[in-house]
1. Output the number of the condition that residue A:366 fails; it satisfies all remaining conditions of (1) in contact (Cβ under 8 Å) with a residue 12 or more places away in the chain; (2) among the aliphatic types (A, V, I, L, M); (3) part of a helix (DSSP H, G or I).
2. Those residues that are touching a Gly at 6+ places or on another chain (Cβ under 9 Å) and surrounded by fewer than 23 Cβ atoms within 10 Å (Cβ to Cβ), I need them from the range A:277-294; list them, please.
3. Going by the conditions given, is residue A:252 in contact (Cβ under 8 Å) with a residue 40 or more places away in the chain, assigned to a loop (DSSP other than H, G, I, E, B) and among the basic types (Lys, Arg)?
4. Quick check, is residue A:5 at pLDDT 95 or above, touching a Gly at 6+ places or on another chain (Cβ under 6 Å), surrounded by fewer than 22 Cβ atoms within 10 Å (Cβ to Cβ) and more than 11 Å from chain B (Cβ to nearest Cβ)?
5. Among the residues of the range B:9-64, which ones are over 23 Å from residue A:57 (Cα atoms), assigned to a loop (DSSP other than H, G, I, E, B) and more than 10 Å from every other protein chain (Cβ to nearest Cβ)?
6. Can you find a residue in the range A:15-29 that is assigned to a strand (DSSP E or B) and either within 14 Å of chain B (Cβ to nearest Cβ) or buried (at least 19 other Cβ atoms within 10 Å of the Cβ) (or both)?
7. Residue A:319 passes all but one of (1) more than 14 Å from chain B (Cβ to nearest Cβ); (2) buried (at least 17 other Cβ atoms within 10 Å of the Cβ); (3) not in a loop (DSSP other than H, G, I, E, B); which number fails?
8. Taking residue A:305 and the conditions (1) surrounded by fewer than 22 Cβ atoms within 10 Å (Cβ to Cβ); (2) more than 23 Å from residue A:23 (Cα to Cα), which numbered condition does it fall short on, given that it satisfies the others?
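The values are calculated or read from the model by the stated rules, or taken from the named source; none is laboratory data. Predicted, not measured: the structure shown is a model, and the values here were computed from it. Note that each Cβ is placed from the backbone with ideal geometry, even for glycine, and that neighbours are counted across all protein chains shown.
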Amino acid sequence: VNTPTSVVVVGASLAGTSTAHELRRLGYQGDLHLVASEPGCNRPPLSKVGLRVGATPDDLALPGGQPDVQEHRVDAVGLDPAGQQVLLADGRTLGYDAVVVATGARARSLAGVGQSGELLLRTARDAERLRARLDGSRTAVVVGAGFLGVEVASACVARGLRVTLVDLEPPLLRLLGPWLAARAHERLRRAGVDVRISPAELVGDPVQAVRLADGSVLHADVVVTCAGDRPETGWLAGTCLNDPRGVLVDERGQTALPSVYAAGDVTRTATAGGTHRRPFWSNAVAQGKATAHGVLHLPAPDRATDDYFWTELLGEPVKVVGELPLVGDPEVLEEQAAGDVLRWPDGDGWSVVAWGLKRPVPRLRALAAG
Amino acid sequence: MKIVVDYDRCEGHGLCEEKAPSVYFLDDAGDLHYAFPDQDVPAEQEAAARAGASVCPVAALRAQ
């Protein structure tokens, strides 16, 4: 197996830039191309400072700064695995010894065909558009009560909007499990958020309301869709990697195709219970680094995926180390006025949650180890 | 090389400490203590300092 001398990273996502940084750190000196029509951005601030006051370029800087790459500000529109080349929207092709698929995911839309005015939150532009709409608005309906939906609802509450949060399931139930979801629900209720458990259909063109299962129509100044994300695999059409569930990778980012790797939100990994995605910040970094090892035919690093995750609920930080969702009642490790530290059994170790408290991840990992 | 720390941005994730415990430390309250404030990072710690800064999820650490 030869060490590559030309590597193409497709997507300026956190996973893509992490791969590029790690390749250089590992001593790779060959050609390194980064293909992305838009510059990358660090996404966690978008739903927080991005909706409070607007995110500055400093807020959105990807960690590590600009990697040492040759940039191509254009979309990749195809992959030719047999010819080992990436096809670009401007008609050019880029040959590769190894290619890294890091095209991330896009927000899932609920709008009907041709229905305009749906607000989503995925990119810096989305955040700016949403923030501008929140200015002067008094009511919001947030469709989707996962992490993003709850963060957006929290931002709306902080700005004094009256918020309705709609989902098929109670907020965060599927993600965090019943115990923490009950706490989240109670916090939201006390903050005045009207939680509705129902399917929701966007109404109006442009969108200005949602219709619930009982036929009622909720109008609001702002209607935001936070209904999850979809791996950005469409440009891989014609290859076996174009799978709506994401590109399956091993612990070094290797896909089913030789010399083709993938990292971050576009991927899924195999576990005992099937395959699943981990579209979270820490995992994008860990997978990017592991993928750089794969590209250079080095052994996988110790942590090829990462289970550290954080969110914010009504201003309270929630930090999690370990597998989700959490089943049953937790052991309370620490209790303070501002919050607590909890843990649940998880295989050989524990899943640990710090809620409302600034607990650094090395401490949480130590608690998770037992 | 210096590390510029933006303490207002720091959310106490502690990924820097995990990467470079000789350079970054977070106390029990989640507050960051940086080993080389207002001075150049010693040469033998530069790689660690950069590695720690490169995993900050909120851009609170910048190598300069």
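1. (1)
2. Passing the criteria: A:277, A:279, A:293.
3. Values: in contact (Cβ under 8 Å) with a residue 40 or more places away in the chain: yes; assigned to a loop (DSSP other than H, G, I, E, B): yes; among the basic types (Lys, Arg): yes.
It is true that residue A:252 is in contact (Cβ under 8 Å) with a residue 40 or more places away in the chain, assigned to a loop (DSSP other than H, G, I, E, B) and among the basic types (Lys, Arg).
4. It is true that residue A:5 is at pLDDT 95 or above, touching a Gly at 6+ places or on another chain (Cβ under 6 Å), surrounded by fewer than 22 Cβ atoms within 10 Å (Cβ to Cβ) and more than 11 Å from chain B (Cβ to nearest Cβ).
5. Within the range B:9-64, B:20, B:22, B:23, B:35, B:36, B:37, B:38, B:39, B:40, B:41, B:42 qualify.
6. Initial filter on the range A:15-29 (assigned to a strand (DSSP E or B)): none.
No, there is no match, as no residue in the range A:15-29 is assigned to a strand (DSSP E or B) and either within 14 Å of chain B (Cβ to nearest Cβ) or buried (at least 19 other Cβ atoms within 10 Å of the Cβ) (or both).
7. (1)
8. Going through the list (1) surrounded by fewer than 22 Cβ atoms within 10 Å (Cβ to Cβ); (2) more than 23 Å from residue A:23 (Cα to Cα), residue A:305 breaks only (2).
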